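For reference, the structure is listed below as structure tokens.
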Amino acid sequence: MNKKPYYITTAIAYTSGKPHIGNTYEIVLADAIARFKRKQGYDVRFQTGTDEHGQKIELKAQEAGVTPKEFVDSVAGEIKRIWDMMNTSYDKFIRTTDADHEKQVQKIFKKLYDQGDIYKGYYEGLYCTPCESFFTESQLVDGKCPDCGRPVSKAKEEAYFFKMSKYADRLIDHINTHPEFIQPESRKNEMMNNFLLPGLQDLCVSRTSFSWGIPVDFDPKHVTYVWLDALTNYITGLGYDADGNHGELYRKYWPADLHLIGKDIIRFHTIYWPIFLMALDIPLPKQVFGHPWLLQGDGKMSKSKGNVIYADDLVDLFGVDAVRYFVLHEMPFENDGVITWELLVERMNSDLANTLGNLVNRTVSMSNKYFGGVVANCGITDGFDKDLIDVALDTKIRVNAKMDKLRVADAITEIFNLFKRCNKYIDETTPWILAKDPDKKERLSTVLYNLVESITIGASLLAPFMPETAEKIFSQLNSSERSMEELEMFGLYESGLKVVDKPQILFARLDMKEVIAKVDAMYEARKAPEGPDGTKEDEAVIDIEPKDEISFEDFGRMQFQVGEILACEPVKKSKKLLCSQVKIGSQVKQIVSGIKAYYTPEEMVGKKVMVLTNLKPAKLAGVLSEGMLLCAEDAEGNLALLVPEKDMPAGAEIC
């Protein structure tokens, strides 16, 4: 019987540096879905890879003193190493510097140009280098990039443009008639209301201000701009050919069943990408899922702070499957998840060491203690057995239902509910008491058989999420992974088999203080040494776009004073804004600032800050702001309030 094909992709990782655990989460999530689909009987094609062109790469290579190709070769190798370390089962790792991909991008560009979808023009606008995106003034948020919050600069150059508006109505109709296309639902509403319905502008698809990109072969001073290059990897990696001579994989697997991406690039995958496909007369992917972010609980991950969490840091401390469990189980369906070292240790001890590890250990130990390791079903049952069996058989149904909706965290919870039910079953049946009565020997044997069978069912469902752990469980129980069809039956474990003589600890309990001490030492070792001038050797010097010169009279019209923050609270309708009550002399001004990601309201209260006090009042998210708190910003977009070096009274003039 031919298996139904299923094609899943991740976004391709940008080769600007080593991915942190938030980036790594996506490949683990995709792997869990791919493994589960294989278990369901699908013929799965799983593709990931790296996005390797662009101005940012060119600049980073210059800073490193290497060619762009040498730079991306190194970073792509590191990304692939981490993906492999996390035991991900991808079928294809594509690089946008692959010769076959570059050739097809050139052919796609020419095809779209020849049919009138791409035209040459002239671009003048606002450009964000980290995001490699152009924006209009109205699209900026607080004058900065709406995607990453960093400063933008003016850019002006000759460019080719794609006629986005030509396909906008067709895309709107597709989204309205295919409610499953964009998930979760909130992402769809955002795309429709913020971008499609207000009207699409033509998209810049080439650049001339840098050279590290795929050349436009009929106009070689232009290189193909990032999204037409990067997004097409989903088809070129299957053997798509713009001339129509498609490879077997493309004919078999396209359209994609699932593009799994971060919510920050949902716009490119649900607007740009489907429009490109429409222009190429190619079927659209069936679903784009914009997953939330994994955030660090004690503040934004920052290389300059030395607190970035990498996958190999976590694996060294907890092991691969523990890390897989954490990132998959702790991520909500729509909202951002949080990672802290304390929470990692808590989950390790409670869920993995206790609920699962101790269950397997107790079951194997009791089987050896009471029956020399032999597990036999003697058929002596009582009322507790039925409920355990019902839960064991129902778990497959529940897990399938959750996975069909991509609710991976909820699916794992269902599996661990089965393990918890097994632990409860031990407490209910009290094997240690049964063992004291020779007449209850067959009942005791049946209890242990039911436990081995239930654990085997749970481990079979756990395998896509924690493959190494599942194999260790099967090895200890002398069982094997069950198919989905076999999970509909209870009692398939062969009566009379023996478990291992001595159980192995699946997950050891950790001491919180010891882990935190190791983490502190790791962060300390990661800090860069100071150079001769007292600065960190890896500390970046920041050059910003110079503004027009002003006269001393212009400066004199601005009034700066020291303010003391008396109270602070979040702005309800905003994810970025805090509203502070600031004492300045005998007055109290209300000031709204976009610093919620960097300061809690509690941290703000009592601070002495530097304030621009005669800024014209304005409403931000519906709240009146009567001034501006001054901040400094580093190259990664991190903000820090400017504070007086010495204690100064509220209202003191800054001159």
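Just a few scattered comments:
- Any hit, the stretch 24-40, residues being surrounded by 23 or more Cβ atoms within 10 Å (Cβ to Cβ), in a strand (DSSP E or B) and under 19 Å from the mean Cα position of the chain (by Cα): no
- Test result for GLU124, touching a residue at least 24 places away in the same chain (Cβ under 8 Å), surrounded by fewer than 17 Cβ atoms within 10 Å (Cβ to Cβ) and part of a strand (DSSP E or B): yes
- Condition check for LEU344: assigned by TED's automatic domain parsing to the domain that holds LYS405 and either out of contact with any Pro (no Cβ under 6 Å at 6 or more places or on another chain) or of a type in the set (Ser, Thr, Tyr) (or both): yes
- Within the stretch 381-438, tally of residues that are in contact with a strand residue (DSSP E or B) (Cβ under 9 Å, 6 or more places away or on another chain) and not in a helix (DSSP H, G or I): 2
- Boolean, PHE326 is touching a residue at least 60 places away in the same chain (Cβ under 8 Å) and over 30 Å from ILE118 (Cα atoms): no
- Test: residue in the stretch 179-199 that is surrounded by fewer than 18 Cβ atoms within 10 Å (Cβ to Cβ), over 30 Å from PRO332 (Cβ atoms) and of a type in the set (D, E, K, R): no
- The lone exception for GLU342 - which of (1) closer than 20 Å to PHE419 by Cα; (2) touching a helix residue (DSSP H, G or I) at 6+ places or on another chain (Cβ under 9 Å) it fails: (1)
- Residue, nearest to ALA256 (Cα to Cα), within the stretch 302-329, restricted to residues that are touching a helix residue (DSSP H, G or I) at 6+ places or on another chain (Cβ under 7 Å) and either at pLDDT below 90 or not in a helix (DSSP H, G or I) (or both): TYR310
- For the stretch 67-85, the criterion of being at positive phi and either of a type in the set (Asp, Glu) or not in a helix (DSSP H, G or I) (or both) is satisfied by no residue at all.
- The helices (runs of 4 or more DSSP H) found wholly in the stretch 165-281 and carrying at least 1 residues that are of a type in the set (Val, Ile, Thr) occupy 165-177, 226-230, 233-236, 273-279.
- Beta carbons closer than 6 Å, at least 6 apart along the sequence or on distinct chains, pair a first residue in the stretch 19-37 that is under 17 Å from SER460 (Cβ atoms) and in contact (Cβ under 8 Å) with a residue 60 or more places away in the chain with a second that is of a type outside the set (Lys, Arg) and in a helix (DSSP H, G or I) for ALA32/LEU328; ALA32/VAL408; PHE36/MET403.
- Looking across LYS4, LYS80, LYS18, one residue alone is at pLDDT below 95, over 23 Å from PHE333 (Cβ atoms) and touching a Phe, Trp or Tyr at 6+ places or on another chain (Cβ under 8 Å). It is LYS18.
- The requirement of being closer than 30 Å to GLY17 by Cβ, modelled with pLDDT under 95 and touching a Leu at 6+ places or on another chain (Cβ under 7 Å) is not satisfied by MET348.
- Subset of the stretch 156-177 [surrounded by 13 or more Cβ atoms within 10 Å (Cβ to Cβ) and either among the β-branched types (Val, Ile, Thr) or under 17 Å from ILE266 (Cα atoms) (or both)]: MET164, ALA168, LEU171, ILE172, HIS174, ILE175
- Some residue of the stretch 96-107 being of a type in the set (A, V, I, L, M, F, W, C), closer than 29 Å to TRP254 by Cα and surrounded by fewer than 21 Cβ atoms within 10 Å (Cβ to Cβ): yes
- Residue among LYS424, LYS436 that alone is over 44 Å from the mean Cα position of the chain (by Cα) and either free of Cβ contacts under 8 Å to residues at least 60 places away in the same chain or surrounded by 16 or more Cβ atoms within 10 Å (Cβ to Cβ) (or both): LYS436
- Leading residue by the ranking (surrounded by the fewest Cβ atoms within 10 Å (Cβ to Cβ)) among those in the stretch 251-287 that are charged (D, E, K, R) and under 22 Å from ASN23 (Cα atoms): ASP264
The values are calculated or read from the model by the stated rules, or taken from the named source; none is laboratory data. It should be emphasised that the depicted structure is a prediction, and the values quoted were computed from it without experimental measurement. Cβ: placed from backbone, ideal geometry, glycine included. Neighbour counts: every protein chain shown.
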